[in-house]
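Below is one structure, written out as structure tokens, with a few remarks after it.
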Amino acid sequence: MNNRNKHQVGLVKPKSESLSLSTNTNGNRSCGSVQYPNNDGHAEVGHDVKPETLLNRIISLDKQISQQLFICCDTDVGFISGTWKRKLLLLCEYSGHEILWLVVISFYLLLYRGDSILWPVYQNLAISFVLDIVVTVYLKLLFRRKRPATNKADMHVLASVDNYSFPSGHATRTTLMACVLLHHPLISSYGKMSLVSWAIIVSLSRTLVGRHYLGDVICGNLIGLVLHFACKAFLWIS
């Protein structure tokens, strides 16, 4: 093959490559995330390549771990038709529902109104409950993380904000309510251990039933603790 033929062969580009090539502002030709060198022999990473951030890695790891914990999110839907495991997890869910806590707190506020010992306890519980609702709604609207695809239609949604996953409202609420009730003067040591166990079980059930990623739950627990310390510091009625 003579030099002229060699020169012509070097100019031939595969058809599939020519359809996907583009030229950036530096004169480099790129195909997807790969760039070809320009005339001076230098190549750069394509502008469409986005480096993986630490946050993206954490979110990806959260999803991977959560997938292993979605053990009760199969075809069973509802309390009646679900398996006994799902029934137990849904009972945990109902025990931390905001409607139930609103009714319970309102009842005890009326029952012990004027009581010098128990009235402040339920006042603190009510203040913490309202603060939890406000903060949780704000964070859900701020992050707008979608719930896992494993979430079933048997969830009792009160507002559109409940369709968002981060943070877990049940995790923040149960943690905060348990922390407040630990200050109850009439609850025994066994009762306090039961409260802590209840908060842990309800929080974990949110992932087992497929409602939340594990990260939503863990962050919810941490937020509940922060809210408790904030209430103790600024809003506590002694």
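Contact map, the range 122-149: residues that are without any contact (Cβ under 8 Å) to a residue 60 or more places away in the chain paired with residues that are open to solvent by less than 50 Å² (accessible area, probe 1.4 Å) and in a loop (DSSP other than H, G, I, E, B), Cβ distance under 6 Å, separation 6+ or inter-chain. Pairs shown: 143/166. Residues in the range 102-120 that are open to solvent by 20 Å² or more (accessible area, probe 1.4 Å), touching a residue at least 12 places away in the same chain (Cβ under 8 Å) and in contact with a helix residue (DSSP H, G or I) (Cβ under 6 Å, 6 or more places away or on another chain): 108, 109.
Okay, residues lined up against (1) at pLDDT 95 or above; (2) over 19 Å from residue 143 (Cα atoms):
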site	(1), (2)
194	yes, yes
199	yes, yes
203	yes, yes
206	no, no
228	yes, yes
235	no, yes
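The helices (runs of 4 or more DSSP H) located wholly in the range 121-238 that include 1 or more residues which are open to solvent by 70 Å² or more (accessible area, probe 1.4 Å) occupy 189-208, 214-230.
The values are calculated or read from the model by the stated rules, or taken from the named source; none is laboratory data. The structure presented is a predicted model; accordingly, all values stated were derived computationally and were not measured. Because the Cβ atoms are built from the backbone with ideal geometry, glycine has one as well, and the counts that use them run over all protein chains shown. Side chains are part of the model used for accessible areas, which takes the heavy atoms of the whole protein and leaves out ligands, DNA and RNA. Shrake-Rupley method; radii C 1.70, N 1.55, O 1.52, S 1.80 Å.
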